[in-house]
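Colleague: Take this structure first; my questions come after.
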Amino acid sequence: MATDSLAILFGSIARVKLLRFFLFNPSKEFTFDEISRRARLVRRTARTEMNALERADIIKKKQIYQQLEGRTSRTRVHAYTINKEFGELQALQTFLFETAPINGKTLLTHLRKAGPIDFVCISGVFLREFEHRLDVMVAMKKLSQTKIENAIRSLEAELGIEIRYAAFTSEELKYRVGLYDKLTRDVFDYKHQIIVDKLGIRDELHGLRG
């Protein structure tokens, strides 16, 4: 289903983005500024749509304590999170996942803007594992963290979701896999899919498990 069709169905593209943002991050709390920035929505639009979602009982507002820049003590702020008591939560989550281009092909289109890619593994939200620690692991010979971050943030804005990722040089990833450290175990010991492998990581993992 095209995004503009969803916009008609749900009222606006901004609302679709926010729905995905909350539904695919069901255990997290976000301040208004974080939501507006990550969804790349102007504040007035974000406020209007979030008020509508709150009235519909899909999201709820709560108070949390957060460490703000320039302050030594934690400050009480308003935050928003999905309302897990919403009756149609699972159905809405499934529908929006099925209609979003959350797949390896879309991810690679964005990542390749950062340069030649040697390795990509997807997990987490890409495989409907919303509580997973990591969604993307990527490696490049000449890694630019800034370019990778820009690519990920661009995809986040397109999909309206937060993407948790880790980026390494190709040599660093091979070293980590050889050690089978905690980060690699957190990905490869659970549901995942390797979609680019120019480093022989798949064979390395097979050897470690064999």
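Derivation of every value follows stated rules applied to the coordinates shown; laboratory data play no part. This is a predicted model, so every value here is computed, not measured. Here the Cβ positions follow ideal geometry from the backbone for every residue, glycine too, while neighbour counts run over all protein chains shown.
Colleague: Strictly over 19 Å apart at the Cα level, which of Lys141/Lys191; Lys113/Lys191; Lys62/Lys84; Lys84/Lys105 would you flag in this model?
Modeller: Too far apart for the 19 Å limit: Lys141/Lys191; Lys113/Lys191; Lys84/Lys105.
Colleague: Please work out the FRET efficiency for the pair Ala157 and Arg185, using the Cβ-Cβ distance as r and a Förster radius of 41 Å; give the result to the nearest 0.05.
Modeller: For Ala157 and Arg185, the calculated efficiency is 0.85.
Colleague: Roughly what would the spin-label model give for Thr94 and Ser73, points 7 Å off Cα along C-beta, in nm?
Modeller: That separation, rounded to one decimal, is 4.9 nm.
Colleague: Same structure, new question: Distance in nm between label sites at Glu54 and Arg133, each 7 Å beyond Cα in the beta-carbon direction?
Modeller: Taking the two extended label points, one gets 3.4 nm.
Colleague: Let me ask something else about it. Figure the gain on full extension for Asn103 and Gln66 (residue separation times 0.36 nm, minus the Cα-Cα span) and round it to one decimal in nm.
Modeller: Values: separation 37, 0.36 × 37 = 13.32 nm, distance 3.32 nm.
Length difference between fully extended and current span is 10.0 nm.
Colleague: Taking 0.36 nm per residue of sequence separation and subtracting the Cα-Cα distance, how much length would be gained by fully extending the chain between Arg112 and Thr169, in nm to one decimal?
Modeller: Contour length minus Cα-Cα distance gives 19.0 nm.
Colleague: Tell me, what is the FRET efficiency for Arg202 and Glu149 to the nearest 0.05, using R0 = 30 angstrom and their Cβ-Cβ distance as r?
Modeller: It comes to 0.70.
Colleague: Could you work out how far the C-alpha centroid of region 80-142 sits from that of region 160-210, in angstrom?
Modeller: 16 Å
Colleague: Per-residue counts of other Cβ atoms within 10 Å, averaged by peptide: what ranking do you get for 30-38, 155-163, highest first? Please list the in-between numbers first.
Modeller: Details: 30-38: 17.1, 155-163: 20.8.
Ranked by mean Cβ neighbours within 10 Å, highest first: 155-163, 30-38.
Colleague: Looking at region 3-98, I'd like the Rg to Rh ratio, where Rg is from alpha-carbon atoms and Rh is Kirkwood's inverse mean 1/r.
Modeller: Reported Rg/Rh, Kirkwood definition of Rh: 1.00.
Colleague: What number in nm² do you get for the chain if you take the convex hull of its Cα atoms and divide its surface by four? Can you show the working numbers first?
Modeller: Working: hull surface 53.9 nm².
Averaged projected hull area, Cα only: 13.5 nm².
Colleague: Would you kindly give the portion of the calculated P(r) for region 104-209 that falls above 24 Å, as a percent of all Cα pairs?
Modeller: Numbers: 923 of 5565 pairs.
Value for region 104-209 (Cα pairs over 24 Å): 17 percent.
Colleague: Any chance you could give the angle, 0 to 90 degrees and rounded to 10, that helix 43-55 forms with the longest Cα principal axis of the chain?
Modeller: 70 degrees
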